[in-house]
Structures are given as structure tokens and as C-alpha cells.
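Q: Mind looking over this structure? Questions follow.
The values are calculated or read from the model by the stated rules, or taken from the named source; none is laboratory data. This structure is a prediction, so every number in the text was calculated from the model and none was measured. Here Cβ is always computed from backbone atoms with ideal geometry, including for glycine, and neighbour counts include all displayed protein chains. All accessible areas refer to the heavy atoms of the entire protein, side chains included, with ligands and DNA or RNA removed. Shrake-Rupley method; radii C 1.70, N 1.55, O 1.52, S 1.80 Å.
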Amino acid sequence: MSELLGDRKITVRMGVYSDDGEELDMERRFDRARLAERKLRNSYETRFNFYNAELHSKELHAERLINDMEQALAEKQFRVYYQPKYNIQGTKPVLTSAEALVRWFHPEFGMVSPGEFIPVFEKNGLIQQLDRYVWNEAAAKIAEWHRTFGFYLPVSVNVSRVDVFNPQLGDILCEIADRNGLSAENLLLEITESAYTDNSRQIIDTVSALRSRGFRIEMDDFGCGYSSLNMLTSLPIDALKLDMNFIRNICTDKKAYKLVAIMMDIAKLLEVPVIAEGVEIREQMDLLKDLGCDIIQGYYFSKPLPAEDFDKLLTAEREAKEHAYN
Ligand code: C2E
Ligand code: CA
Ligand code: CA
């Protein structure tokens, strides 16, 4: 063995499930052991882990979310919130678009955040149904705002890595846009960077096809997914969205600041605009503006808002514009 491996070291991680008289089929036992093992992925000190009560209650909670999902869709327990994005390169920030972010108002658990249920639905494919619901809601909102305010405000929707494998993705999105009287460029598509690194060939093909039908693609969570710099130049994208972890310390940590500056240079090289999300304070915005960042999204301007509150924001925008012209 050591001859075959040369200097390479192999470490074995073990997940252990001990059955306490529970009657489970082999597959579920194995799943539980694997769940325990997965908790060790980023740990180099511990080699084995037991399936325990905490993992068990998480598993039960996830199962509950999965079981409740279909009824929740039918009863419209999922609601889409909208967070504005502003272009900051002029003298005054200008509202340019919004991001659609889903929330679940569960009858028993109250508001459940997407951080909790999206990963669960991504694992079993249910995310495709939910995403389609959100895209429909967002498209209907864009059309409604157009009727009320007289302009199309583009909305970006999240496209899960799972959606990318659906050969009908382009048709589904086009049908939604058509049915709501929108053109493809009204719906911006956010795809996380790590989806690109998971399966770059597939995603490049999918994204190229979407772009040729008029959709614009924003690469979400940029800086987190470890794209190879080499690969970046061949990626078909229309904007880079910096991961918010880079923004957090930009005012206090010189290295964080420099990293953001480097990412801005990468965007310049790719000739795409940069969106910074998670901007909470004025100082962060000022630094980003100086660095040439085009668009900002974050609590500094607004939290994600229920549609009714976003209506008010648009009304205020319209009034401010009318004042500016008078
Ligand atoms: P994301 O796409 O990176 O979305 C940005 C997250 O940052 C949102 O969390 C947003 O509420 C939060 N955020 C915005 N501004 C600030 C800020 O200034 N400070 C801080 N600390 N946070 C801020 P949220 O809504 O909880 O969503 C979490 C993640 O869930 C999203 O991350 C996205 O990956 C996923 N997600 C949300 N809605 C959908 C959806 O409809 N479909 C899919 N596939 N994923 C979704
Ligand atoms: Ca996003
Ligand atoms: Ca993000």
C-alpha cells in the first residue's frame, strides 16, 4: 500500500450509528452514519463521530419541512420579499433592481429563514418547485409594478444549482416571462459561484443558452466558490456579486479591503459590473464607491421587504423623482 501511495497520506473518517433497538432499514442506518461522518468534513483532529440526539432532532426537523412543503405551497405560506439594489456611482444612489428572497411563514414554527429550508430542499430536489413559485411571483410583481408605476424594475431571482441540471430551465423561464408580458432582461438570474465550480461544463452550457435567450446572469457569492482564475475568463456572466463575508470587515481589516480591491480588478478584467451585498454602514459604502463598485445591496439602504412595503418604497421613489423635476 505505502509503495502505491508514495508519500501521500490517507485519513479515514468514520461516522457511527448505533441502533438502540430501532427498527430501521439498512439504507436509513447507513444514512445516519453518513450524516455523522459529514460533520467531520472540515475537521482534521477528530476521525470519528457518533450519530447523536442533536443530529436526530435536526433530521426530524428537516423531514417535517419536507413533509409540509407541498401544502405550504398550496396555502401560499411562502412569501417573497424584495431587497432593493442601488447604483452608487452617480451623485445620488439610484434604485436599479431588487432581489427576490423567499420566507416561509410556517403555521407552527413561525417565520423560517431560507438558510434553514433551502439546503434541505436542494438535497431532495424540491427546490425546483419552490424556485418556480418564486420566479412566478417575482415576474407577476414586476408586471404589477409596471402597471402601477409605469416602469420595469428588474428583479433578480435565485437559481439553485439543482435547477441548472433541468434541461427545461430556459423554456420554464421564458414561459414565465412571456405569460407576464416581460422580456427576458427583466428577470435577472443569480447563480452561486460554487455551482460553477461543482460542474463547470454543464453550467457554462446552461448559462450560455440562457444568455442567448436574453437573460442576464449575476454570479452570486463571488469569492467563496474558489473558481480558478483561469476558468473565470471563460465564464459567460453579466455581473459579479461579491460575497458579503468580504464586505463585513472592509473598514477595519486592511487585508479584507485589499481582497475586495483585487476582486474589483477581476471584474474590470472581465468587463462586468460589481454588486456588493451585505453593506450595512455608510463607511462600507463610501469605501466601495471609491473602489469603483457599481451597485450596492444591504441593510444600509433597506432590509428585504414584503411586497406591500416595497410598493411604498417605489411610491416614495416616484414622488422624489417628481420633486426633482418640478
Ligand atoms: P443570498 O442569495 O446570498 O442572499 C443574500 C442574503 O443576505 C439574504 O438572506 C439577505 O436577507 C441577507 N442580507 C441582505 N443584506 C444584508 C446585510 O446588510 N447584512 C446581513 N447580515 N445580511 C444581509 P436570506 O434572505 O436569509 O437568504 C439566505 C440565502 O437563501 C440566500 O443567500 C440564497 O442563497 C437563499 N435563498 C433565498 N431565497 C431563495 C430562493 O427563492 N431560491 C433559492 N434557490 N435560494 C434562495
Ligand atoms: Ca442571491
Ligand atoms: Ca449572495
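Q: About the Cα centre of segment 61-103, how large is the charge dipole given +1 on each Lys and Arg Cβ and -1 on each Asp and Glu Cβ? Please answer in debye to the nearest 20.
A: Charge dipole of segment 61-103: 340 debye, to the nearest 20.
Q: Something else about it: Considering every Cα-Cα pair within segment 158-210, what fraction, in whole percent, is farther apart than 15 Å?
A: 44
Q: Pick out, in residue order, every one of the trypsin sites (Lys or Arg not before Pro) in segment 1-90 that is DSSP loop and has at most 14 other C-beta atoms within 10 Å; say none if there are none.
A: Listed in order of number, the matching sites are Arg8, Lys9, Arg41, Arg47, Lys76.
Q: Still on this structure: If I take every Cα pair under 8 Å that is 6 or more residues apart in the chain, average their sequence separation and divide by the length, what percent do I get for the relative contact order?
A: Once divided by the residue count of the chain, the mean separation gives 14 percent.
Q: Let me ask you something else. For Asp294, what charge total do you get from the other residues with a beta carbon under 13 Å from its beta carbon, if Lys and Arg give +1 and Asp and Glu give -1?
A: Local charge sum for Asp294: -1.
Q: Quick one: net charge around Gln77, please, counting Lys, Arg +1 and Asp, Glu -1 for every other residue with C-beta under 12 Å from its C-beta.
A: Around Gln77, the surrounding residues sum to -1.
Q: How many Å³ per residue does the convex hull of the Cα positions in the chain occupy? Walk me through the intermediate numbers first.
A: Numbers: hull volume 63.2 nm³, N = 326.
Cα-based convex hull of the chain, divided per residue, equals 194 Å³.
Q: Also, quick follow-up: Would you mind computing the Rg to Rh ratio of segment 251-326 from its alpha-carbon coordinates, Kirkwood style for Rh?
A: Rounded to two decimals, Rg over Rh is 1.09.
Q: Divide by every residue of the chain the summed helix terms, -39500 (n - 2.57) for each DSSP H run of at least 4, and state the resulting mean residue ellipticity at 222 nm, rounded to the nearest 500 deg cm²/dmol.
A: Result for the chain, helices only: -15000 deg cm²/dmol.
Q: Can I ask one more? Can you give the accessible area per residue of the chain, in Å², using a 1.4 Å probe?
A: Details: 18270 Å² over 326 residues.
It amounts to 56 Å² per residue over the chain.
Q: Using the beta-carbon distance between Asn42 and Glu175 and R0 = 41 Å, what value does 1/(1 + (r/R0)^6) give for FRET efficiency, to the nearest 0.05?
A: Efficiency, from the Cβ-Cβ distance: 0.50.
Q: Would you look at the GNM of the chain, springs on alpha carbons closer than 10 Å, and say which of Asp178, Asp286, Asp25 moves the most?
A: Asp25
Q: What per residue convex hull volume, in Å³, do the alpha-carbon atoms of segment 1-146 yield?
A: With only Cα atoms used, segment 1-146 gives 234 Å³ per residue.
Q: Hey, another quick one. Starting from the Cα gyration tensor of segment 175-326, take the square roots of the eigenvalues, sort them a ≥ b ≥ c, and report rounded, prolate or oblate (rounded when a/c is under 1.5, otherwise prolate if a/b is larger than b/c, else oblate). Don't skip to the end; give the middle numbers.
A: Values: a/c = 2.09, a/b = 1.10, b/c = 1.90.
Cα axes put segment 175-326 in the oblate bin.
Q: What's the FRET efficiency of Arg318 with Ala261 using the Cβ-Cβ distance as r and R₀ = 45 Å, to the nearest 0.05? Let's see the in-between values first.
A: On the way: r = 36 Å, r/R0 = 0.81.
Using R0 = 45 Å, I get an efficiency of 0.80.
Q: Same structure, new question: Does segment 233-290 come out rounded, prolate or oblate, given a ≥ b ≥ c as the square roots of the eigenvalues of its C-alpha gyration tensor, rounded meaning a/c under 1.5 and, failing that, prolate meaning a/b above b/c?
A: In terms of gyration-tensor shape, prolate.
Q: Please return the longest range in the chain lying between exposed loop sites, taking GluC sites (Glu not before Pro), DSSP loop only, at most 15 other beta-carbon atoms within 10 Å, and leaving the sites out.
A: 109-270
Q: Residues of segment 148-170 with amide nitrogen under 15 Å from the 7 Å Cα-to-Cβ point of Asn199?
A: The answer is 160-170, whose backbone nitrogens lie closer than 15 Å to the label point.
Q: Ok, one more. Around Asn67, under 13 Å between beta carbons, what's the net of Lys plus Arg minus Asp minus Glu among the other residues?
A: Net of charged neighbours comes to -4.
Q: When the accessible area of segment 1-71 is computed with all protein chains present and a 1.4 Å probe, what percentage of it is carbon and sulfur?
A: Summing carbon and sulfur atoms, their accessible area is 50 percent of the total for segment 1-71.
Q: Once you sort the root eigenvalues of the Cα gyration tensor of segment 65-105 as a ≥ b ≥ c, which label holds: rounded (a/c under 1.5), prolate (a/b larger than b/c) or oblate (the other case)?
A: It is prolate, given that a/c is not under 1.5 and a/b is the larger ratio.
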